[in-house]
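Here is the structure we will look at, set down as structure tokens.
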Amino acid sequence: MFKKFIVALAALIAATAFAAVDANKANQAELESVKGIGPVISTLIINERKKGDFKDWNDMVVRVKGVGDKNAAKFSEAGLTVNGATFTGAPMKAPAKTEAPVTAKAASAVKTAASATKVAVEKAASATKATASKAASAVKGGASTVASNAKEEKDALKENVKEAKEKRAEKKAEKAEKKAAAASAATK
């Protein structure tokens, strides 16, 4: 329900907020609001515009790397204009309609939607808190298990080192006995 409301609200805003963006007047954010224009192309448009306004679409296509005929048609369809003109072959989008006066019924619907949105956001925040709490609890439990395992591994390692030292000591003793036996046999 909440997702449907958000989608409907976004569609309504997009439909009422559409206005042509002129390449000679728009700032970077306005240029990037045109579908297909990202930070790189918007920067190139602004840098070329500093050298002088674009006379027409052809001037812009020639001067801005990355804006060919194909992209120019796409940008024009998405609402970009040059001196108020669309790209040749690209249909001009209808200007945004003027807003109708807000009726009491519409205002009530907006309030209800806002209230529903607030409730949904509060529920989502509550669910997020609960999930975070469970995760923290699991981390604490996991940390004690990890600590316990680490202690067991440390103890096992100490035992292995102790056994290795004992074996080395036994080998040294055997070697010393053999040397003593060999020395005693040589003196006889």
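The residue that is nearest to Asn71 (Cα to Cα), counting only those in segment 19-45 that are loosely packed, with under 12 Cβ neighbours inside 10 Å and of a type in the set (A, V, I, L, M), is Val40.
Find the residue count for segment 40-68, including only residues that are of a type in the set (Ser, Thr, Tyr) and over 16 Å from Gln28 (Cα atoms). Matching residues across segment 40-68 total 0. No other residue among Asn47, Asn58 is part of a helix (DSSP H, G or I) and within 14 Å of Val82 (Cβ to Cβ) apart from Asn58. For segment 28-44, the set of residues classified as of a type in the set (Gly, Ala, Ser), part of a loop (DSSP other than H, G, I, E, B) and on the phi < 0 side of the Ramachandran plot consists of Ser33, Gly38, listed by residue number. On the basis of being part of a helix (DSSP H, G or I), open to solvent by 90 Å² or more (accessible area, probe 1.4 Å) and in contact (Cβ under 8 Å) with a residue 12 or more places away in the chain, does Lys65 make the cut? When the stated conditions are applied, Lys65 does not pass them.
The values are calculated or read from the model by the stated rules, or taken from the named source; none is laboratory data. Worth saying up front: this structure is predicted, and the values here are computed from it rather than measured. Note: ideal-geometry Cβ built from the backbone for every residue, glycine included; neighbour counts use all protein chains shown. Side chains are part of the model used for accessible areas, which takes the heavy atoms of the whole protein and leaves out ligands, DNA and RNA. Shrake-Rupley method; radii C 1.70, N 1.55, O 1.52, S 1.80 Å.
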